[in-house]
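*Asks:* Here it is: the structure, laid out below.
The values are calculated or read from the model by the stated rules, or taken from the named source; none is laboratory data. Remember, it's a predicted structure, so these values are computed and weren't measured experimentally. Every residue, glycine among them, receives a Cβ derived from its backbone with ideal geometry; neighbour counts consider all protein chains shown. All accessible areas refer to the heavy atoms of the entire protein, side chains included, with ligands and DNA or RNA removed. Shrake-Rupley method; radii C 1.70, N 1.55, O 1.52, S 1.80 Å.
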Amino acid sequence: MQRTADDLQNDWLADLGQRLPISPLSALGFVLAVVIGVRVASQTVVSLALLESVFPFLAATAVVVADRWLVENDVGTRDRITVFAYGLGGFLAAALVTALHVHVMNLHGTSVPQPLYLTLMSGTVGVAAGTVAGIYEIRQRTAVREARRQSARLEEFAAVVSHDLRNPLSVAQGRLRETYRTGDPDHLKAVEGALDRMDELIEESLSVARSGTHVEDPEEIPLVELASDAWESVDTGEARFETAGDRLVHVDYTRAKNLFENLYRNAVEHGGDDVTVRVGACKYGFFVEDDGPGIPADERSAVLEQGYSTGSQGSGLGLAIVRAIADAHSWDVTVTESPAGGARFEFRRG
C-alpha cells in the first residue's frame, strides 16, 4: 500500500502505539492479573478466594499471551490497538452488567461481599472475551484486504494481457506475414524479439499477481544481510552499494530479496553505472535510496502502479512487484527524495 509522507505524519494512532513502552493490551492484562494475584495471596489458601479467582486470573494471563502472539506475528500497530479496544469494551460491558446486578441485589436487601472485586473479576473475563472478538475482527479485515488486493492484481494482469501484449503481438504477426511474402528469414529475428518481449511481460505480470499473497511463515533476517544478498544477485555494473545501520526484519526471504532486486535494477536503469544505492534502517522500518535523477514530486504517487514506465522498452512492472511484495508484508511504502536528490523508498510496518 503506497502512502504519502503526509499520510504517515498524520497517522497519530500508529505513531502513538509505536511510542508506548508496552502494548496497551498487555498492560491491561498484566494489571488485572497482578491485582487478582495480590488479592489471592492476601487470603488463606483454604478460603474461597483462590477458587473464585482462578478463572479470571487465567483469563488475564491469556490476554497478555495473546498480545505477545500478535506482536511476534508482526500484526500492525493499528490492528493491535483494535484488539485492545475490543478488550477494553469487553471489560466495560462485563463490569457494567455485574455492577447493575449487584445494585439490584442491594435494592432487594441482599448484600454482596466485596462488590468492587466481584466487578473487577467479571470485567477481567470480559477483557478475554473482547480480545478473542478483536482478534477475529482483525483476521476478517486482513482477509478482506487480501481479497481486494488479489482482485486488483488480477485486474492489472488482465489489463496487461489485453493491452500491453497487443503491440509485440502485432509486430510478430506483421513480420511473420512479411516472411511468408518475401521469404526473407531476417524478419524472424523481429518475431523472436517480439515473442521474448511477450514472455517477459507475462512473467512479470504473474510475479505481480503472486507477490500479493499474504506472508505465512516470515523469519527474522538482518537487513544488511538481506540487502547484500540481493545486491550480489543483480547485474549492477559499476554501481556502488552502501549500508547505513542494521536491524532485524520479519520477512519472507525470497520475496523480500526480490523487492530489493527490483529496486536496485530501477536505480541502475535510471542512474547508470555511476549511481550509488544506499540501504539502511529508519524509524519503524527501512529505506532504499540512490543519488540518481530522482522522481518528480507529481509522479511519485504513480511510480508503483502497474504499467508506469519512463522508457519505451520498460514493462512498468518492476516497481509494481515492489508494491505487491510490500502489501504482502503489510508495509506502507513512501516514495520521496533522498538527501542526494535521488529516489528514496521507505518501508514501514502498517
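*Asks:* Could you list, in sequence order, the residues of the stretch 39-80 that are open to solvent by 70 Å² or more (accessible area, probe 1.4 Å), modelled with pLDDT of 85 or more and β-branched (V, I, T)?
*Replies:* Residues of the stretch 39-80 open to solvent by 70 Å² or more (accessible area, probe 1.4 Å): 41-46, 48, 50-52, 55, 57-58, 65, 68-69, 72-73, 78.
Adding the requirement that they be modelled with pLDDT of 85 or more leaves 57-58, 65, 68-69.
Of everything in the stretch 39-80, just one residue is open to solvent by 70 Å² or more (accessible area, probe 1.4 Å), modelled with pLDDT of 85 or more and β-branched (V, I, T), namely V65.
*Asks:* So, in the stretch 251-275, how many residues would count as being touching a residue at least 60 places away in the same chain (Cβ under 8 Å), out of contact with any Lys or Arg (no Cβ under 9 Å at 6 or more places or on another chain) and over 23 Å from D327 (Cβ atoms)?
*Replies:* So the count comes out to 2.
*Asks:* Sticking with this structure for a sec: Of the residues in the stretch 226-263, how many are more than 21 Å from S330 (Cα to Cα) and not in a strand (DSSP E or B)?
*Replies:* The first filter runs over the stretch 226-263 and keeps only residues more than 21 Å from S330 (Cα to Cα), leaving 228-229, 231-245.
Now narrow it down to the ones that are not in a strand (DSSP E or B): 228-229, 231-239, 245.
Count: 12.
*Asks:* Within the stretch 85-130, track down each residue that is touching an Asp or Glu at 6+ places or on another chain (Cβ under 8 Å) and either open to solvent by less than 50 Å² (accessible area, probe 1.4 Å) or more than 30 Å from V251 (Cα to Cα) (or both).
*Replies:* Kept after step one, since they are touching an Asp or Glu at 6+ places or on another chain (Cβ under 8 Å), are these residues of the stretch 85-130: 86, 121.
Selection gives M121 alone.
*Asks:* Let me ask another. Among T110, T131, which is hydroxyl-bearing (S, T, Y) and modelled with pLDDT of 90 or more? Let's see the steps before the verdict.
*Replies:* Numbers: T110 fails: modelled with pLDDT of 90 or more.
Testing whether each residue is hydroxyl-bearing (S, T, Y) and modelled with pLDDT of 90 or more leaves just T131.
*Asks:* Regarding the stretch 9-28, can at least one residue be identified that is modelled with pLDDT under 85, in a helix (DSSP H, G or I), of a type in the set (D, E) and over 24 Å from G285 (Cβ atoms)?
*Replies:* no
*Asks:* For the stretch 116-140, name all the residues that are farther than 14 Å from I81 by Cα and either touching a Gly at 6+ places or on another chain (Cβ under 7 Å) or among the charged types (D, E, K, R) (or both).
*Replies:* Here is the first cut: in the stretch 116-140, the residues farther than 14 Å from I81 by Cα are 116-126, 128-129, 140.
Of everything in the stretch 116-140, those that are farther than 14 Å from I81 by Cα and either touching a Gly at 6+ places or on another chain (Cβ under 7 Å) or among the charged types (D, E, K, R) (or both) turn out to be G126, A129.
*Asks:* What about E238, is it surrounded by fewer than 17 Cβ atoms within 10 Å (Cβ to Cβ) and not hydroxyl-bearing (S, T, Y)? Reasoning before the result, please.
*Replies:* Values: surrounded by fewer than 17 Cβ atoms within 10 Å (Cβ to Cβ): yes; not hydroxyl-bearing (S, T, Y): yes.
Taking the combined requirement at face value, the residue satisfies it.
*Asks:* Okay, next question. Within the stretch 295-341, track down each residue that is surrounded by 15 or more Cβ atoms within 10 Å (Cβ to Cβ), modelled with pLDDT of 70 or more, assigned to a helix (DSSP H, G or I) and not aliphatic (A, V, I, L, M).
*Replies:* Within the stretch 295-341, R323, D327 qualify.
*Asks:* Can you find, within the stretch 266-289, the residue that is most open to solvent (accessible area, probe 1.4 Å) among those that are in a loop (DSSP other than H, G, I, E, B) and under 16 Å from T336 (Cβ atoms)?
*Replies:* Within the stretch 266-289, the first condition is being in a loop (DSSP other than H, G, I, E, B), and the residues that meet it are 272-275, 283-284.
Now restrict to residues that are under 16 Å from T336 (Cβ atoms): 283-284.
Details: K283: 99, Y284: 63 Å².
This residue is K283.
*Asks:* Something else now. From the list V125, V160, V97, V83, which residue is assigned to a helix (DSSP H, G or I), modelled with pLDDT of 85 or more and within 30 Å of the chain's Cα centre (by Cα)? Spell out how you get there, then give the answer.
*Replies:* Details: V125 fails: within 30 Å of the chain's Cα centre (by Cα); V160 fails: modelled with pLDDT of 85 or more; V97 fails: within 30 Å of the chain's Cα centre (by Cα).
Going through V125, V160, V97, V83 in turn, just one is assigned to a helix (DSSP H, G or I), modelled with pLDDT of 85 or more and within 30 Å of the chain's Cα centre (by Cα): V83.
*Asks:* Kindly check whether there is at least one residue in the stretch 243-250 that is in contact with a helix residue (DSSP H, G or I) (Cβ under 9 Å, 6 or more places away or on another chain), modelled with pLDDT of 90 or more and more than 19 Å from I325 (Cβ to Cβ).
*Replies:* Looking through the stretch 243-250, at least one residue is in contact with a helix residue (DSSP H, G or I) (Cβ under 9 Å, 6 or more places away or on another chain), modelled with pLDDT of 90 or more and more than 19 Å from I325 (Cβ to Cβ).
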